[in-house]
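Notes follow the structure.
The values are calculated or read from the model by the stated rules, or taken from the named source; none is laboratory data. A quick note: this is a predicted structure, and the numbers were derived from the prediction, not measured. All Cβ positions, glycine included, derive from the backbone under ideal geometry; neighbour counts span all protein chains shown. Each accessible area value is taken on the protein alone, full model and side chains, heavy atoms only, with ligands, DNA and RNA left out. Shrake-Rupley method; radii C 1.70, N 1.55, O 1.52, S 1.80 Å.
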Amino acid sequence: MKYSKHQKLAKDFIRFYMDRARFDPYFETMDTFGIPGTQAYRDHPLWKKDPRTAVFPETLASARQVGHAGPPGRKATEVLSKYIIVDMFAKAIQGMKPEDAVAWAAGELKKVYDA
């Protein structure tokens, strides 16, 4: 966000927040629910606690911000929280024609982004 007048402050906050001594307890409390945005957590012992989470560190290399490749923000977060993309796939898996599932999702996305 090069437009910010507070770039140094923002970078300092990120360094503060992501400091291992500070972030590790938070990460452990999340119990793998949240995936950190850094490769530093790839070998964290928490991933080995449950075999079902063993694949999650592999996602760190391709993880993207909410809204990628568009801008992050309220609308992108709303789409995520409403499970629109997840529901699109679920509808197709449950028997809806894929074209109809995509059309449904497109309509839901328009409701959010045109609001």
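Observations, loosely collected:
- The helix-only estimate of mean residue ellipticity at 222 nm for the chain, built from DSSP H runs of length n ≥ 4 each weighted as -39500 (n - 2.57), is -15000 deg cm²/dmol after division by the residue total.
- V102 versus F23: modelled label distance in nm, points set 7 Å from Cα along the beta carbon direction: 3.7
- Derived scalar couplings ³J(HN,Hα) [segment 60-77; Karplus, 6.51 cos²θ - 1.76 cosθ + 1.60; whole Hz; x for Gly, Pro]: 4, 5, 10, 5, 10, 5, 4, x, 4, 8, x, x, x, x, 4, 5, 5, 5
- Paired Rg and Dmax values of the chain, which use every Cα atom, in angstrom: 18.0, 51
- Under 17 Å, Cα to Cα: Lys pairs in the chain, sequence gap 8 or more or different chains: 6
- 1.4 Å probe accessible area per residue over the chain, in Å²: 78
- FRET efficiency estimate (nearest 0.05) - Cβ-Cβ, E58 to I14, R0 22 angstrom: 0.40
- Taken one residue at a time, the phi angles of segment 10-25 give Karplus couplings (6.51, -1.76, 1.60, θ = phi - 60°) of 5, 5, 5, 4, 4, 4, 4, 5, 8, 4, 3, 4, 8, 7, 3, x Hz. Gly and Pro are set to x.
- Low-density loop positions, trypsin sites (Lys or Arg not before Pro), segment 1-93 - DSSP coil, at most 10 other Cβ in 10 Å: K2, K5, R64
- Taken about its Cα centre, the chain carries a charge dipole of roughly 480 debye when the Cβ of each Lys and Arg holds +1 and the Cβ of each Asp and Glu holds -1.
- Size of electric dipole in segment 27-91: Cβ of Lys, Arg +1 and of Asp, Glu -1, about Cα centre, debye, nearest 20: 220
- For K2, the shell of other residues with beta-carbons less than 13 Å away shows a net charge of +3, using +1 for Lys and Arg and -1 for Asp and Glu.
- If you look at the Cα atoms of segment 60-115, you get an Rg and a Dmax of 12.3, 33 Å.
- In this label model, T77 and I93 are separated by 2.7 nm, measuring between points 7 Å along each Cα→Cβ vector.
- Across the accessible surface of the chain, with the other protein chains kept in place and a 1.4 Å probe, carbon and sulfur atoms take up 62 percent.
- Under the Karplus curve 6.51 cos²θ - 1.76 cosθ + 1.60, θ = phi - 60°, whole-Hz ³J(HN,Hα) for segment 37-45, x wherever Gly or Pro sits: x, 8, 5, 4, 9, 4, 9, 5, x
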